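Peer 1: The structure that follows is given in the form of structure tokens.
The values are calculated or read from the model by the stated rules, or taken from the named source; none is laboratory data. Predicted model, so just to flag it, every value in this text is computed and none were measured. Because the Cβ atoms are built from the backbone with ideal geometry, glycine has one as well, and the counts that use them run over all protein chains shown. Just so you know, the surface numbers come from the protein's heavy atoms only, side chains and all, with ligands and any DNA or RNA stripped out. Shrake-Rupley method; radii C 1.70, N 1.55, O 1.52, S 1.80 Å.
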Amino acid sequence: MNILALVEKLSFLEIIGRLGEGFLSTLAIFGLTLVLALPLGLLVAFGSMSRFKPIKWLSRTLVWIIRGTPLILQIIVIFYGPGLIGWDTSFLSRFGAVILAFTINYAAYFSEIYRGGIESMPKGQYEAAYLLGMTKYQAFTKVIIPQVYKRILPPMGNEIITLVKDTSLARVIAVGEIIMVAEEMSNVYALVWPLLFTGFFYLAFNGMLTLLFSYLEKRNSRWA
Amino acid sequence: MKVLEVKGVNKYFGSNHVLKDVSFSMEKGEVLAIIGSSGGGKTTLLRSLTFLERIQKGTIEIGGESIITDIEKEKKPSKYIWKEIESKKSKNNKDDNAVELEVDLSSTNKKTCAICNKLNSIKNHKFKKLVKIEDKEPTTVTLSSYPKDKELREKRLKMGLVFQEFNLFPHKTVVQNLMMAPMLVKKSMSDDSGINVVKVAITEEQAREKALEVLEQVGLSDKADAYPCEISGGQKQRVAIARALCMNPEILCFDEPTSALDPELTGEVLKVISSLKDTGVTMLIVTHEIMFAREIADTVIFLDGGRILEMGDAKTVIDNPTEERTKEFMNKILKG
């Protein structure tokens, strides 16, 4: 049989190689989302805290919608939605749609972490900075942000690790990340173990992230 | 030379009149203590003088420079009549639902507050929505604008403030806490030629030199590289004093500097404040430590219910108060 012949041709290393390629795509989604969503989240956080009501209302509604619906649905809506109402979205590739959906989704979650951190800062820190003559910008960047950074590291680590695993949702619009590659193998070659093996890729990468975050936390552990 | 002149300062929180026509002045090198029971407006006064709170009326002059002048110039009392909007349910006897309210705007700062208070005072009112139907005498409210942020920041440099809760920057070491603002904040000074005025912040070396010098003054040279969480409350407060001193303020203000400290630690902070008096620092101290105020202050102000009840030579006011309320307060404090 044809299929059995193919199965014999796949060596262990070949399978790992293909999974590795799939994982590269996983990492690409992860990295791009992180780079785009971290600053965008800060913008949304400022929006949510704005004294200008329409902006505040807009930001909070966005966060409500994004956090209130499943990411898998958001990916589908972003990829198929515009076409359904007659927009030309040929410029948006599958990969592009995934990045867009992930960025918006994670910016919303990050924005709430930022907001929590910024709002947890006591008023006295701002007042002390102002009394010493600092501008609002100086007080925010030199006094508030470094302290917020320390406070939000643990929840950020949590969210970022979740992002690594959420990338597997990209396959809903056929963007080939590691789970999709493994699934194909199980469908075509009747091999289940590569699918289970993907877990090791996630574990190893998240292990590294965990180490990175505990290092970052430790760097600021001397002050409280 | 007068370094601070406060005239007719009024401050409201909503309809709550917190400072009522507070006026006093300070000479260079003078130490002034503000005493009084909690809720008397002491802290609010200090926060108003450092522009952390906005006053609604009055004049504040620092170093001969008028900073805030009569924000709220005049408000004539006026009469408003408010009436319930006709709702479907109360088609009949509409007029019974109309309520006349007289609002005297001279006594409160915001007309909405005045109206809310009026409404609250009417029992069982069922107003869902109110419309203003008549404005018999339009108010003449002239507001001169409160100084802008940038302007306030420059004026603020003349004032230093030591907070009750220290408010040190926890992510910086002691010496960094002291160096931070001097390195960031540009101050006007004449350049090398001595003619032009340039705005510059001092360099890191200069800031460090100054910081170490001031730390020596408050007796904390050995804690320069400690983080605020590694030192005691009394030491934190001394660092806070040193931090304020690094900006060379004309007036150093203290907001109950020992209230967050246990009795054992207050001594070291009071000692530092006393030593500053000897070096001629002008100080404005809000405090609960009456005996300390008696000892260190030249002048004492007794603030009660937002009003200056008594003001004068520290020992006279504390030993022989003239007002009943002051006597009562002193008796309570001194007898414990």
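Peer 1: From the square roots a ≥ b ≥ c of the eigenvalues of the alpha-carbon gyration tensor of the range B:186-328, which class results: rounded (a/c under 1.5), prolate (a/b over b/c), or oblate?
Peer 2: oblate
Peer 1: Please report, for the Cα atoms of chain A, the Rg to one decimal and the Dmax as a whole number; what are they, in angstrom?
Peer 2: Considering chain A through its Cα atoms, Rg and Dmax are 21.8, 82 Å.
Peer 1: Zone of A:Leu24 (label point 7 Å along Cα→Cβ, backbone N under 12 Å): which residues in the range A:151-178?
Peer 2: none
Peer 1: Nearest 10 degrees is fine. How inclined is helix A:53-68 to the longest principal axis of chain A, computing both from alpha carbons?
Peer 2: It works out to around 30 degrees.
Peer 1: Taking both sides together, what accessible area is buried at the B/A interface, probe 1.4 Å, expressed in Å² and rounded to the nearest 100?
Peer 2: 2200
Peer 1: In the range A:177-224, what residues drop by 40 Å² or more in accessible surface going from the chain by itself to the full protein assembly, probe 1.4 Å?
Peer 2: Buried by the other chains: A:Arg222, A:Trp223, A:Ala224.
Peer 1: Quick one: order B:Met1, B:Met183 from most to least accessible surface, probe 1.4 Å.
Peer 2: If we order B:Met1, B:Met183 from most to least accessible, we get B:Met1, B:Met183.
Peer 1: What number, in percent, do you get for the relative contact order of the range A:2-219 if the mean sequence gap of Cα pairs under 8 Å and at least 6 apart is divided by its residue count?
Peer 2: Relative contact order for the range A:2-219 comes out at 29 percent.
Peer 1: I would also like to ask the following. Label 7 Å along Cα→Cβ of A:Ile16; the range A:152-190 residues with amide nitrogen under 17 Å?
Peer 2: A:182
Peer 1: Another question, then. Name the residues of the range A:115-130 whose accessible area falls by at least 40 Å² when all protein chains are present instead of the chain alone, probe 1.4 Å?
Peer 2: Buried-area filter returns A:Gln125, A:Glu127, A:Ala128, A:Tyr130.
Peer 1: Ordered by packing density, taken as the mean number of other Cβ atoms within 10 Å over each peptide's residues, highest first, how do A:54-60, B:51-57 rank?
Peer 2: Order by mean packing, descending: B:51-57, A:54-60.
Peer 1: Something else: If I model a spin label at B:Glu213 and A:Ile76 as a point 7 Å from the Cα along the Cα→Cβ vector, what separation in nanometres do I get?
Peer 2: So the two model labels end up 7.2 nm from each other.
Peer 1: Determine, from the Cβ-Cβ distance of A:Leu38 and A:Glu184 and an R0 of 30 Å, the FRET efficiency 1/(1 + (r/R0)^6), rounded to the nearest 0.05.
Peer 2: 0.40
Peer 1: Ok, one more. Of A:Phe200, A:Phe91, A:Phe110, which has the largest mean-square fluctuation in a 10 Å C-alpha GNM of chain A?
Peer 2: A:Phe91
Peer 1: Quantify how strongly other chains surround peptide A:132-142 by giving the mean number of their Cβ atoms within 10 Å of each of its Cβ atoms.
Peer 2: For peptide A:132-142, the averaged partner shielding equals 6.
Peer 1: Measure nothing but the geometry: give the 0 to 90° angle between the long axis through the Cα atoms of A:71-84 and the longest principal axis through the Cα atoms of chain A, rounded to 10°.
Peer 2: Between helix and principal axis, roughly 80 degrees.
Peer 1: May I ask you to give the percent of accessible area on the range A:49-135 that is carbon plus sulfur, with a probe radius of 1.4 Å?
Peer 2: Heavy-atom surface of the range A:49-135 belonging to carbon and sulfur, 1.4 Å probe: 69 percent.
Peer 1: Still on this structure, I have one more. Too long at a 19 Å Cα-Cα cut-off: which of B:Lys158/B:Lys186; B:Lys20/B:Lys150; B:Lys28/B:Lys158; B:Lys155/B:Lys210?
Peer 2: Over 19 Å Cα-Cα: B:Lys20/B:Lys150; B:Lys155/B:Lys210.
Peer 1: Computed over the Cα atoms of the range A:122-224, what is the convex hull's projected area averaged over all directions, in nm²?
Peer 2: 9.2
Peer 1: Still on this model: Rounding to the nearest 10 and keeping the result within 0 to 90°, find how far the Cα-based axis of helix A:12-48 lies from the longest principal axis of chain A.
Peer 2: That works out to roughly 20 degrees.
Peer 1: Let me ask something additional. Provide A:Tyr215, A:Tyr130 ordered by accessible surface of protein heavy atoms (probe 1.4 Å), highest first.
Peer 2: A:Tyr215, A:Tyr130
Peer 1: Calculate, for the range A:2-219, the solvent-accessible area per residue in square angstrom, rolling a 1.4 angstrom probe over the heavy atoms of the protein chains.
Peer 2: Spelled out: the 1.4 Å probe surface of the range A:2-219, per residue, equals 53 Å².
Peer 1: A follow-up question, please. For A:Ser93 and A:Leu191 in one chain, what is 0.36 nm times their gap in residues minus the Cα-Cα distance, to one decimal in nm?
Peer 2: 32.3 nm
Peer 1: Now a separate question. Averaged over peptide B:45-57, how many Cβ atoms belonging to another chain are found within 10 Å of each residue's Cβ?
Peer 2: What the average comes to for B:45-57 is 1.
Peer 1: How high is the FRET efficiency from A:Leu58 to B:Glu295, r the C-beta distance, R0 56 Å, rounded to 0.05?
Peer 2: Calculated transfer efficiency: 0.45.
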